[in-house]
Amino acid sequence: MKVHEYQAKEIFASHGLPVPKGEVATTVDEAVAIAEKIGGPVMVKAQVHVGGRGKAGGVKYAEDIEAVRKHASAILGMDIKGLTVEKVLITEAMDIDEEYYVGLLMDRASKSPMFIVSAAGGIDIEEVARTTPEKIHTLVIDPRYGAQAFQARRLAYGVSSDPAVVKGMTKALLTLYRIYVESDASLVEINPFIKAKDGSVWAVDAKLNIDDNALYRQPKIEAMRDLSEEDPSEVEAKEAGLSFVKLEGNVGCLVNGAGLAMATMDLVKYFGGQPANFLDIGGSSNPDKVVTAMKIILRDENVKAILFNIFGGITRCDDVAAGLIKAVEMLDVPVPIVARLTGTNEEEAREMLKGTKLHPAATMDEAVQLALELAGEGK
Ligand code: GDP
Ligand code: MN
């Protein structure tokens with residue numbers, strides 16, 4: 001789960017990080033009122049869950065109130081990478097001298113948290129990483145001991161010899177580590193971490209991504225969730241207890257169990273097709289889940305065939321078949337459906353599916369190949 005910059009900044013500030021004054025607004029008048037309260041030049045910043053807002057025109061400097069009005073009207077309602085801006089952060093404009101990158105994320109290779117710092121922070125950090133990776137410094141932290149002050153200091157010295165920057169960055173790194181652990185984050189980032197012309201340092205941008213699987217113990221952060229920023233199908237799936245990830249292919253997959261779902265997608269690829277989604281209906285046998293899952297899959301216009309692959313253990317095949325039949329009746333499914341149901345009560349399930357327009361398949365290979373053929377992808 002992602003939170004907005006203004007929310008991440010609240011959390012960062014509560015841990016003692018230097019964050020410029022600011023408040024969030026949903027209307028132009030509110031934006032103006034906040035700017036008047038702050039006094040002096042401000043930044044008007046789109047609050048959407050995507051990076052690169054600056055380049056997309058979603059971050060503007062406003063010298064005076066007239067400019068605040070102009071930029072807030074332009075940015076509120078703006079579309080940035082498919083998301084509509086509903087909120088702007090009005091924040092004190094900093095006189096920037098230097099821009100650094102400071103972040104901490106879960107490094108899959110070392111299976112540990114890893115600091116990333118660079119003297120080349122700002123809006124082109126991805127480009128820096130690609131073209132001049134030597135400008136990026138990383139350090140893997142052993143989670144048994146946590147981040148140590150000497151490690152943070154050494155990293156900071158690697159990018160600056162300015163005592164104020166080193167001191168501020170060292171503190172920022174150690175604080176980010178604490179936030180990362182306490183909030184079950186997968187990423188915490190300040191880009192840019194700046195040195196102002198007066199020598200002070202500030203977190204001018206803030207990013208915080210939380211591990212979804214830990215949200216149950218992060219009620220304060222979960223309350224910050226902004227569903228308007230998330231894929232509606234993924235939100236609906238989550239509410240129904242389904243794990244769903246939308247992909248780009250044309251074979252809709254409906255499977256029980258994450259492992260079987262991945263194996264099914266592998267097989268679709270192996271036979272030359274492209275899955276339209278990952279969908280795990282989980283371990284319970286509830287026909288309503290199947291109906292919801294079908295609805296979500298069918299909303300995707302790319303889907304040309306649906307592949308059911310169910311291993312009946314706790315999930316009974318006859319229950320799934322009941323859900324399938326109910327879904328097909330309710331939804332007037334416009335694409336062919338291949339059903340492979342195996343395991344507990346499979347005979348009953350097969351019996352139930354007789355005479356319906358579903359295409360039965362006995363093995364995974366057969367089911368996948370048949371689905372591809374029906375989707376027009378067969379060889
Ligand atoms: P992002 O594009 O989504 O990463 O948004 P940022 O908050 O990082 O802003 C993008 C860029 O705008 C920064 O890298 C800065 O160069 C610039 N910027 C942001 N805030 C300020 C500020 O207070 N003063 C000045 N002078 N520039 C700023
Ligand atoms: Mn940024």
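So here's what we get for this one:
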quantity	calculated
Verdict on F311 being in a strand (DSSP E or B), crowded, with 18+ Cβ neighbours inside 10 Å and either at pLDDT 85 or above or in contact with a Cys (Cβ under 7 Å, 6 or more places away or on another chain) (or both)	yes
Cross-chain or 6+ apart pairs with Cβ under 6 Å, the range 153-168 first and within 10 Å of V201 (Cβ to Cβ) and in the same structural domain as V201 (by TED's automatic domain parsing), then at pLDDT 95 or above and among the aromatic types (F, W, Y)	V166/Y157
Residue match in the range 211-221 (condition: free of Cβ contacts under 8 Å to residues at least 40 places away in the same chain and under 25 Å from K45 (Cβ atoms))	yes
Test set (1) away from ligand 1 (no atom under 16 Å from the Cβ); (2) closer than 30 Å to V181 by Cα - T27 fails condition number	(2)
Checklist (1) surrounded by 21 or more Cβ atoms within 10 Å (Cβ to Cβ); (2) closer than 22 Å to N191 by Cβ applied to G16, failing item	(1)
Pick from the range 80-96, criterion modelled with pLDDT under 95 and open to solvent by 20 Å² or more (accessible area, probe 1.4 Å), ranking: farthest from the chain's Cα centre (by Cα)	T84
Wholly within the range 156-245, strands (runs of 3 or more DSSP E) carrying at least 1 residues that are away from ligand 1 (no atom under 16 Å from the Cβ) and β-branched (V, I, T)	207-210
Selection within the range 107-126 - part of a strand (DSSP E or B) and touching a Phe, Trp or Tyr at 6+ places or on another chain (Cβ under 9 Å)	P113, F115, I116, V117, S118
Subset tally (residues that are in contact with a Phe, Trp or Tyr (Cβ under 7 Å, 6 or more places away or on another chain) and open to solvent by 40 Å² or more (accessible area, probe 1.4 Å)) for the range 39-53	2
Criterion: modelled with pLDDT of 95 or more, under 21 Å from A8 (Cα atoms), more than 15 Å from ligand 2 (Cβ to nearest atom) and open to solvent by 30 Å² or more (accessible area, probe 1.4 Å) - qualifying residue of E30, E36, E63, E99	E30
Residue in the range 66-96 that is farthest from ligand 2 (Cβ to nearest atom), counting only those that are closer than 19 Å to D29 by Cβ, of a type outside the set (A, V, I, L, M) and not in a strand (DSSP E or B)	E66
Residue, farthest from ligand 2 (Cβ to nearest atom), within the range 109-134, restricted to residues that are open to solvent by less than 20 Å² (accessible area, probe 1.4 Å) and under 19 Å from D184 (Cα atoms)	S112
Test: residue in the range 128-139 that is under 24 Å from G22 (Cα atoms) and either within 16 Å of ligand 1 (Cβ to nearest atom) or of a type in the set (D, E, K, R) (or both)	no
Residue count, the range 187-213 (criterion: away from ligand 2 (no atom under 16 Å from the Cβ) and open to solvent by 30 Å² or more (accessible area, probe 1.4 Å))	6
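The rows are residues; the columns are (1) in a helix (DSSP H, G or I); (2) free of Cβ contacts under 8 Å to residues at least 24 places away in the same chain; (3) buried (at least 24 other Cβ atoms within 10 Å of the Cβ).
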| site | (1), (2), (3) |
| --- | --- |
| A263 | yes, no, no |
| D266 | yes, yes, no |
| K269 | yes, yes, no |
| G272 | no, no, no |
| G282 | no, no, no |
| D288 | yes, no, no |
| V291 | yes, no, no |
| I296 | yes, no, no |
| D300 | no, no, no |
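The values are calculated or read from the model by the stated rules, or taken from the named source; none is laboratory data. Since this is a predicted model, take the numbers as computed values, not measurements. For neighbour counting, all protein chains shown are included, and Cβ atoms are generated from backbone atoms with ideal geometry for every residue, glycine included. To get the accessible areas, we keep the full protein, side chains included, count just its heavy atoms, and leave off ligands, DNA and RNA. Shrake-Rupley method; radii C 1.70, N 1.55, O 1.52, S 1.80 Å.
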